[in-house]
Amino acid sequence: MLTWSRNGEGLTGWGEAARLEVSGPDRFAEAARWWRELCAAAEVADAVGASGCGPVAFGSFTFYDRSPSEASVLLVPEVVLGLRADRAWLTTITPAGAAAGSPPPPPLPTPPPSPAAPTGTAAPTNTTNTVTWAEGRVTEQAYMAAVARGVERIRSGDAAKIVLARDLVATAEAPFDVRRVLARLAGRFPDCWTFSVDGLVGATPELLLRRSGDVVHSRVLAGTAWRDTATDDAAGAAEAVVEGLLHSAKDREEHGYAVRSVADALAPYCAELAVPEEPRALCLPNVVHLSTDLSGRLASPSSVLELVGAVHPSAAVCGTPTGSAERLIAELEGLDRERYSGPVGWVDASGDGEFGIALRCGRISGRTARLFAGCGIVADSRPERELAETAAKFAAMRGALEG
Ligand SMILES: C=C(O[C@H]1C=CC=C(C(=O)O)[C@@H]1O)C(=O)O
């Protein structure tokens with residue numbers, strides 16, 4: 001099942017009418033070309049005529065140009081259900097070469113329940129699935145050692161910021177039911193974009209880019225705090241966490257690099273670009289982030305796929321300067337990031353679409369899931385603190401997998 005939704009609105013797709021697998025530095029441009037040609041050859045009857053209506057492709061791109069185990073994918077479903085405000089629409093897409101209406105679309109399951117209706121009838125009611133957890137390719141010790149080395153390299157001037165991640169592996173008694181995992185994420189994280197594309201499932205708080213006509217938006221996050229329930233005792237602790245974050249020089253530095261990277265990448269495409277000077281706090285159930293919403297008007301039409309290719313990798317997941325940070329991550333992290341921290345979302349035939357950064361997510365395959373989480377590292381970062389931050393970020397997916 002393919003999904004991109006937030007607060008009960010979004011797109012859900014089933015079946016596979018077409019699929020592109022692509023890798024390399026030109027993967028976004030190749031995906032944009034493939035999608036443009038496919039749409040140009042399609043016969044479209046679109047009675048609704050809004051963003052996300054008509055042919056739609058779901059995309060999930062690797063962080064690096066290439067991943068040893070995963071390609072970037074663009075998937076065109078056979079059936080798409082769209083929900084926005086007071087509108088709902090259903091699109092059917094017949095694969096090229098097949099007679100219209102054949103093969104028949106798959107029986108339509110209940111879409112992932114929105115927070116308003118958290119128990120979908122299609123998902124089994126038995127939620128018990130015992131999950132055991134193991135360290136991934138990057139152990140806790142290895143992660144702290146990588147952060148310590150990253151701090152040394154930053155202090156010696158090799159970069160200003162790098163983002164280092166680690167992984168965690170879940171094994172369950174029975175296969176994970178992706179619909180249930182999505183329903184839990186959507187219910188618990190209404191401010192996040194819940195997604196499922198080719199086995200990558202999560203709820204990201206970070207919108208890399210939305211294009212709607214000539215208007216673009218981006219929600220940039222970097223800088224994180226969380227409530228340590230073991231030591232923080234009373235009410236007021238949550239407010240103190242927010243205040244502490246808003247005044248933390250280290251977090252504001254991390255955040256500033258991320259905002260600048262997106263603003264600099266978007267500026268050449270925009271006739272107008274508004275970049276707020278001060279971040280605000282985005283409070284989620286498990287963490288609080290510094291958050292800045294950018295908005296702009298495009299100077300000329302570019303597909304969301306091309307724009308996403310220009311903005312990725314932002315300093316929220318890579319670092320500053322981009323090239324040095326990417327090399328340092330490859331040297332220090334010891335992880336194949338696969339599609340974690342890459343763009344994930346959808347594009348329609350007009351080039352409108354929404355792509356988030358694949359965060360707070362995991363690669364689900366049968367009874368196993370590999371979860372990823374990372375942190376921005378600057379000169380003042382401390383390894384134990386960053387390890388604790390990854391644990392706070394993992395909590396979203398851990399909880400959704402456990403029930
Ligand atoms: C890289 C991740 O988060 C990014 C987004 C928000 C806050 C971040 C931070 O404070 O380090 C990261 O830049 C992740 O969740 O794996």
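The values are calculated or read from the model by the stated rules, or taken from the named source; none is laboratory data. The model shown is predicted, which means the values in this text are computed figures rather than measured ones. Cβ coordinates were reconstructed from backbone atoms using ideal geometry, including for glycine residues, and neighbour counts include every protein chain displayed. These accessible areas exclude ligands, DNA and RNA; they are computed on the full protein's heavy atoms, side chains included. Shrake-Rupley method; radii C 1.70, N 1.55, O 1.52, S 1.80 Å.
With the crude spin-label approximation of a point 7 Å out along Cα→Cβ, what separation in nm comes out for GLU384 versus ALA310?
4.5
Before anything else, pin down the relative contact order of the chain: Cα pairs under 8 Å, at least 6 apart, normalised by residue count, whole percent.
Value for the chain: 25 percent.
Taking 0.36 nm per residue of separation and subtracting the Cα-Cα distance, what length does fully extending GLU16 through ALA174 add?
Here the answer is 54.3 nm.
For the pair ALA271 and ARG155, how long in nm is the line joining their label points, each one 7 Å along Cα→Cβ?
Distance between label points: 5.0 nm.
Quick check: residue separation of THR92 and ALA148 times 0.36 nm, minus the Cα distance between them. What number comes out in nm?
My answer for the length gained is 15.0 nm.
Counting pairs of alpha carbon atoms under 8 Å apart in space and at least six apart in sequence, what relative contact order in percent does the range 276-403 give?
Computed value for the range 276-403: 19 percent relative contact order.
What is the distance, in nm, between label points placed 7 Å from the Cα along the Cα-to-Cβ direction at ASP46 and at ARG297?
Here the answer is 2.3 nm between the modelled labels.
Counting pairs of alpha carbon atoms under 8 Å apart in space and at least six apart in sequence, what relative contact order in percent does the range 125-236 give?
This gives 19 percent for the range 125-236.
Name the most mobile residue of ALA349, ALA146, ALA174, meaning the one with the largest mean-square fluctuation, in a Gaussian network model of the chain with Cα contacts below 10 Å.
ALA174
Got a number for carbon plus sulfur as a percent of the chain's accessible area, 1.4 Å probe?
The computed percentage sits at 51.
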